[in-house]
Amino acid sequence: MKKYFIYIIPFVLSGCFYIGKQTYYDVIEKPSDEWSIRDALIVLTSPIAHNLCDQRTHIKVIATPYYPSVVLAIERNAQRINHWTEEQFRVNAEELLKDNVGLYIEWETNRFVDSRGNYYHNVEQIDSLMFLITIENQGWGSYMPDISNLEERIFLMNDKGKFIKPKYVWGKRRRYLTMPETMFAMFHFRKGEHHFLEGSDKMYLVIKGFENDIKLTFSLSMMK
């Protein structure tokens, strides 16, 4: 499932798939069992941020936040590929929602529920978030950066300029960035009563230590 998701991202960003006029917000108003393949791709790809057009660096990054609806889209595509029953889909979706954003879903109403049993309506109810990050070096013939400590160079920033480090990063395979690397980074937002995203409209994934720091912007209005 995760491998499929990884390879669909460059395909869509390259312009090989026509999304149409519907928006992310249009699609997520419908129950996920009514999503077409096109709908699921809209939900999967709309929150993606990247620096593919940034000519200041050879390092290209594509990052996907596992927002609640993105998790459902991942599992709907996996359901089609693996021919799961609706019950199998729900079990897998519930597990991924719990692990990645700390939410549950009330299937009777198709509403998300937080860990305290409240309907989800605000990003401050999400305690953690996973990112899928793909990094490619387009100048590897002359520029081979050391990524042995890359886990220490990945941060999330809020609108107040505050940073947090990921709770963990996994999936990196090499010491030098000679081939594309794909990894997952998990961030925890809550520390006591304080929530990292309080008062923010956006968040920023920052990767330091290359030719230029890389900063990708994500709208919190899409964290649905």
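Dividing the summed -39500 (n - 2.57) terms of all DSSP H runs of n ≥ 4 by the residue count of the chain sets its mean residue ellipticity at 222 nm at -7500 deg cm²/dmol. Average projection, convex hull of the Cα set of the chain: 12.8 square nanometres. Relative to the longest principal Cα axis of the chain, at what angle does helix 2-13 sit, 0 to 90 degrees, rounded to 10? Approximately 70 degrees, to the nearest ten. Between Val113 and Tyr104, Ile105, Glu106, Tyr120, the built amide H atoms are under 5 Å apart, and every one of these is 5 or more places off in sequence or on another chain. GNM remark for the chain: springs join alpha carbons under 10 Å apart, and the peak mean-square fluctuation among Ser148, Ser32, Ser69 falls on Ser148.
Sorting Arg174, Arg116 by the number of Cβ atoms found within 10 Å of their own Cβ, with the fewest placed first, yields Arg116, Arg174. 3J(HN,Hα) along the stretch 207-219, derived from phi through the Karplus expression 6.51 cos²θ - 1.76 cosθ + 1.60 where θ = phi - 60°, amounts to 10, 9, x, 9, 4, 9, 4, 9, 9, 10, 9, 10, 7 Hz, with x in place of Gly and Pro. Count Lys and Arg as plus one, Asp and Glu as minus one, and take only other residues whose Cβ is under 15 Å from that of Asp146; the net charge is then +2. Among Glu211, Glu198, the ranking by other beta carbons within 10 Å of each residue's beta carbon, starting with the fewest, stands as Glu211, Glu198.
Relative to the longest principal axis of the Cα atoms of the chain, the long axis of helix 68-82 lies at roughly 80 degrees. Loop-located GluC sites (Glu not before Pro) in the stretch 63-153 (DSSP state other than H, G, I, E, B) with a sparse environment of at most 11 neighbouring Cβ atoms within 10 Å: Glu108.
Rounded to the nearest Hz, the phi-derived 3J(HN,Hα) couplings of the stretch 101-118 under the Karplus curve 6.51 cos²θ - 1.76 cosθ + 1.60 (θ = phi - 60°) are 10, x, 10, 10, 10, 8, 5, 5, 10, 6, 10, 7, 10, 7, 5, 9, x, 9, where x marks glycine and proline.
A short reminder: the numbers here are calculations on the coordinates, not readings from a lab. What you see is a predicted model, and the numbers here were worked out from it, not measured in a lab. Here the Cβ is made from the backbone with ideal geometry for all residues, glycine too, and neighbour counts use every protein chain on show.
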